[in-house]
1. Residues of region 317-326 being in a loop (DSSP other than H, G, I, E, B) and in contact (Cβ under 8 Å) with a residue 24 or more places away in the chain, which ones?
2. For region 91-107, indicate whether the set of residues that are farther than 24 Å from residue 284 by Cβ, at pLDDT 95 or above, part of a helix (DSSP H, G or I) and out of contact with any helix residue (DSSP H, G or I) (no Cβ under 6 Å at 6 or more places or on another chain) is non-empty.
3. Looking at region 350-370 only, could you name the residues that are assigned to a helix (DSSP H, G or I), within 9 Å of ligand 2 (Cβ to nearest atom) and within 21 Å of the chain's Cα centre (by Cα)?
4. Which one is farthest from residue 49 (Cα to Cα), of the residues in region 256-284 that are within 14 Å of the chain's Cα centre (by Cα) and within 16 Å of ligand 2 (Cβ to nearest atom)?
5. Of the numbered conditions (1) within 14 Å of ligand 1 (Cβ to nearest atom); (2) in contact (Cβ under 8 Å) with a residue 24 or more places away in the chain, residue 342 satisfies every one except a single condition; which is it?
6. Pairs needed: first member in region 292-312, without any contact (Cβ under 8 Å) to a residue 24 or more places away in the chain; second member anywhere, exposed (fewer than 12 other Cβ atoms within 10 Å of the Cβ) and in a helix (DSSP H, G or I); C-beta distance under 8 Å; at least 6 residues apart or different chains.
7. For region 1-59, how many residues are modelled with pLDDT under 85, part of a loop (DSSP other than H, G, I, E, B) and either within 16 Å of ligand 2 (Cβ to nearest atom) or farther than 28 Å from residue 258 by Cα (or both)?
8. Looking only at region 272-285, how many residues end up being within 13 Å of ligand 1 (Cβ to nearest atom) and at pLDDT 95 or above?
Ligand code: SF4
Ligand code: SF4
């Protein structure tokens, strides 16, 4: 998917997100940067076996009991099932004994078949399905190269996952067409039995430069209102019965744990985002020459992880703008994402995350009910 994907905390030395087939995708969602291939990629360039093996060998050599891979695109299923068979066999070949290997894969689900689902179940992949809501909302933007909606094919893909009891969650991009429809979306997830959901605000792909604050197609106020309305449904009179990542993260903090979503942790997690050709970056939001850490097909992994650029990147998130330092919700938010702040030429954050207003809105709105939730669960 081309809207970036927020990383979770990692348990090993580093977690890996790899763009399996570069930008190639069989859909042409109108908000996606990658959709310029028009849903009909001429040639699929998947990760080269030599680079894959070199990396997995080095990476597994550094793990301490846990290895985490996330496969992204474009559309990663275009790499073909044999590619992923190769992946799991190399992982098994090089993993030290007793290593827990986690594989996640983000897909538009339109190419999912029974065979894929069987494989994902066998190797316990966690599947993220991109779906923007019920048919009339999803099909307005998530379309094929011929402009046909993808909803029916996505739902068929989900049926395959269900049949084989594959764990999956729904990722919904929030844009102009669904930002005012939080309640409708939440009712849709409930009706369809989607128990794990996350939202990602839609970036404006036409204006992305890593030295400027990220631009979005929705306003902070719209997103704040969206979160508040979704919260009302999620809260369910103090008995939430589905997982919405943003609210789960908030609840974790109220229960004295740290959020797992990178934007609301104290520091960015150590992640390697790899392009199909092996070029390595610290985050999906920082894919540019300035942030290139090296290439995993050429450079030793230890050099990449210890690069100066990586250290400088990791220093950005804790360098909070003044207004965040005095914020009453700092423990929930931790200043959001550095990519969404305004930085000056000396690399000082001079203004808060673009979505600060949204966060303040939802934190104020949910505070009392979050406290009640904590009380309720404590007395049980
Ligand atoms: S810059 Fe940090 S907080 Fe923002 S998306 Fe990347 S890892 Fe997450
Ligand atoms: S809510 Fe706003 S002011 Fe508070 S920590 Fe987050 S970005 Fe900073």
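1. In the first step, residues of region 317-326 are kept if they are in a loop (DSSP other than H, G, I, E, B); the result is 317-321, 326.
Residues satisfying the conditions are 317, 318, 319, 320, 321.
2. yes
3. Filtering region 350-370 for residues assigned to a helix (DSSP H, G or I) gives 356-370.
In the following step, the residues that additionally are within 9 Å of ligand 2 (Cβ to nearest atom) were identified as 356-360, 363.
Correct list: 356, 358, 359.
4. Across region 256-284, the extreme among qualifying residues is 264.
5. (1)
6. Taking only residues 6 or more apart or on different chains, the pairs are 294/303.
7. Step one: of region 1-59, the residues modelled with pLDDT under 85 are 1-13, 32-43.
In the following step, the residues that additionally are part of a loop (DSSP other than H, G, I, E, B) were identified as 1-7, 9-13, 32, 38-43.
From what's left, either within 16 Å of ligand 2 (Cβ to nearest atom) or farther than 28 Å from residue 258 by Cα (or both): 6, 32, 38-43.
The number of residues fulfilling the criteria is 8.
8. The first filter runs over region 272-285 and keeps only residues within 13 Å of ligand 1 (Cβ to nearest atom), leaving 272-273, 281-285.
Now narrow it down to the ones that are at pLDDT 95 or above: 272-273, 281-283.
Residues meeting the conditions: 5.
The values are calculated or read from the model by the stated rules, or taken from the named source; none is laboratory data. These numbers come from a predicted model, not from an experiment. Cβ: placed from backbone, ideal geometry, glycine included. Neighbour counts: every protein chain shown.
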